[in-house]
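**Q** Could you have a look at this structure, given as structure tokens, before my questions?
The values are calculated or read from the model by the stated rules, or taken from the named source; none is laboratory data. Note that the structure is a prediction, hence the values are computed from the model and not measured. When we count neighbours, we look across all protein chains shown, and the Cβ atoms used for this are built from the backbone with ideal geometry, even at glycine. These accessible areas exclude ligands, DNA and RNA; they are computed on the full protein's heavy atoms, side chains included. Shrake-Rupley method; radii C 1.70, N 1.55, O 1.52, S 1.80 Å.
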Amino acid sequence: MRPNAVLTRGINRLSQAGLPSPAADARFLLAHVLDVAPVSLTFIPDVPLDAIARYDQLLELRAARHPVQHLTGIAYFRNISVQVGSGVFIPRPETEGLVQLVLDWITKRCWQLPVVICDLGTGSGVIAKSLSSELAAADIVAHIHAAELSETAYRYAVQNLATSGVDLRLADFTTAFPDLIGMVDVVVSNPPYVPTTVRQTLPSDVINRDPDMALFSGDDGLDALRAIAGTAVALLRPDGLLALEHDDSQGCTAPAALMTVGGFDEIVEHSDLADRPRYVTARRIGT
């Protein structure tokens with residue numbers, strides 16, 4: 001059967017299941033079954049019958065709200081991919097904007113090399129790996145450090161960061177880097193930020209698949225952000241950058257939380273590509 005016909009059938013199946021992105025999901029799953037990049041599907045002459053059978057199985061699992069990334073074992077992010085599965089947070093496209101904020105800051109201020117970066121709560125290691133890849137491509141020397149508390153997520157990060165040169169530590173991010181106090185140029189994190197009070201409103205393919213540790217952070221969703229900010233005050237050099245992702249409902253409360261923690265100025269809110277408040281950056285006040 002021709003790939004377009006198989007793909008159309010897959011899109012229809014996922015559309016009937018009420019999934020939000022049936023075309024993208026169907027394309028990723030078919031590419032996975034055929035072991036090709038999604039952009040290469042148009043060059044496949046025919047889809048073998050055994051591949052169609054495997055594809056149909058994956059479509060049924062996706063219709064039952066299993067994440068595409070768990071079915072393929074891979075999440076794509078900017079110009080890299082990482083291995084993911086049960087017990088580790090699936091990278092979202094919004095986090096790509098957080099990486100871009102950090103890259104923009106570094107390229108404008110690379111007067112001090114190597115750049116020292118700490119990724120707190122690295123999960124799959126996607127932020128650290130992406131920064132390592134893109135800074136190396138730009139010939140910017142960086143020493144990147146990452147910490148993860150979950151043993152399950154840490155195992156994925158070990159695989160994903162194996163050849164990156166990133167210093168990965170299995171530890172609570174608040175105590176992971178005593179040797180880097182006052183030596184870090186950038187602290188970056190996509191922390192848990194979902195308020196525990198909205199748990200029942202989350203889609204089943206989020207609440208049943210992503211680990212609670214990576215999702216929830218107190219009644220207002222900002223407990224982890226406050227902890228990271230307090231840690232960053234100690235780690236960052238004067239004028240260093242703190243860059244954090246947050247929920248789109250926290251465009252006012254996240255910057256206010258940083259002000260409450262203290263130690264920062266130039267606290268700036270940034271929007272994602274959908275023009276929703278999504279990131280906050282701040283400058284470590286010099287001493």
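**Q** L215 passes all but one of (1) within 26 Å of Q100 (Cβ to Cβ); (2) open to solvent by 40 Å² or more (accessible area, probe 1.4 Å); which number fails?
**A** (2)
**Q** Regarding region 221-228, can at least one residue be identified that is under 19 Å from the mean Cα position of the chain (by Cα), modelled with pLDDT under 90 and within 28 Å of A153 (Cα to Cα)?
**A** Yes, the conditions are met somewhere in region 221-228.
**Q** Out of all the residues in region 218-239, is one or more within 19 Å of Q100 (Cα to Cα), surrounded by 15 or more Cβ atoms within 10 Å (Cβ to Cβ), touching a Pro at 6+ places or on another chain (Cβ under 7 Å) and charged (D, E, K, R)?
**A** No, region 218-239 has no match at all.
**Q** Restricted to region 86-102, and to residues that are touching a residue at least 60 places away in the same chain (Cβ under 8 Å) and closer than 16 Å to N160 by Cα, which residue is most open to solvent (accessible area, probe 1.4 Å)?
**A** In this case the residue turns out to be S86.
**Q** Something else now. How about region 10-21: which of its residues are assigned to a helix (DSSP H, G or I) and closer than 11 Å to V68 by Cβ?
**A** The answer is L14, and nothing else.
**Q** Now a separate question. Which condition number does V186 fail, the rest of (1) surrounded by fewer than 19 Cβ atoms within 10 Å (Cβ to Cβ); (2) more than 15 Å from the chain's Cα centre (by Cα); (3) under 28 Å from A274 (Cβ atoms); (4) of a type outside the set (S, T, N, Q) being met?
**A** Among (1) surrounded by fewer than 19 Cβ atoms within 10 Å (Cβ to Cβ); (2) more than 15 Å from the chain's Cα centre (by Cα); (3) under 28 Å from A274 (Cβ atoms); (4) of a type outside the set (S, T, N, Q), V186 violates only (1).
**Q** I need a count of the residues in region 120-139 that are in a loop (DSSP other than H, G, I, E, B) and open to solvent by less than 20 Å² (accessible area, probe 1.4 Å).
**A** Residues flagged as in a loop (DSSP other than H, G, I, E, B) and open to solvent by less than 20 Å² (accessible area, probe 1.4 Å) within region 120-139 amount to 4.
**Q** Something else: Name the residues in region 240-261 that are open to solvent by 10 Å² or more (accessible area, probe 1.4 Å) and either in contact with a Cys (Cβ under 8 Å, 6 or more places away or on another chain) or in a loop (DSSP other than H, G, I, E, B) (or both), would you?
**A** Hits for region 240-261 are D247, D248, S249, G251, C252.
**Q** Which residue is nearest to the chain's Cα centre (by Cα), if the candidates are limited to region 65-79 and must be surrounded by fewer than 18 Cβ atoms within 10 Å (Cβ to Cβ) and without any contact (Cβ under 8 Å) to a residue 40 or more places away in the chain?
**A** Checked region 65-79; the qualifying residue nearest to the chain's Cα centre (by Cα) is Y76.
**Q** Looking at T122, is it within 11 Å of the chain's Cα centre (by Cα) and closer than 18 Å to L236 by Cα?
**A** yes
**Q** Among residues belonging to region 262-278 that are part of a loop (DSSP other than H, G, I, E, B) and in contact (Cβ under 8 Å) with a residue 60 or more places away in the chain, point out the one that is farthest from L222 (Cα to Cα).
**A** L273
**Q** Checking P178 against (1) within 20 Å of L258 (Cα to Cα); (2) surrounded by fewer than 14 Cβ atoms within 10 Å (Cβ to Cβ): exactly one of these is not met. Which one?
**A** (1)
**Q** While we're on this one: Test I144 against the criterion of being of a type in the set (V, I, T) and in a helix (DSSP H, G or I), and give yes or no.
**A** no
**Q** Going through V47, V82 one at a time, which residue ends up being in contact (Cβ under 8 Å) with a residue 60 or more places away in the chain and open to solvent by less than 50 Å² (accessible area, probe 1.4 Å)?
**A** Result of the check over V47, V82: V82.
**Q** Now for a separate question. Checking G121 against (1) farther than 20 Å from I181 by Cα; (2) touching a residue at least 40 places away in the same chain (Cβ under 8 Å), only one condition comes out false. Which one?
**A** For G121, the exception is condition (1).
**Q** Right, here's the next one. Which one is nearest to the chain's Cα centre (by Cα) among residues in region 24-44 that are open to solvent by 50 Å² or more (accessible area, probe 1.4 Å) and of a type in the set (A, V, I, L, M, F, W, C)?
**A** Per the stated criteria, the residue is F28.
**Q** So is T281 touching a strand residue (DSSP E or B) at 6+ places or on another chain (Cβ under 7 Å), outside any helix (DSSP H, G or I) and either modelled with pLDDT under 90 or surrounded by 13 or more Cβ atoms within 10 Å (Cβ to Cβ) (or both) or not?
**A** yes
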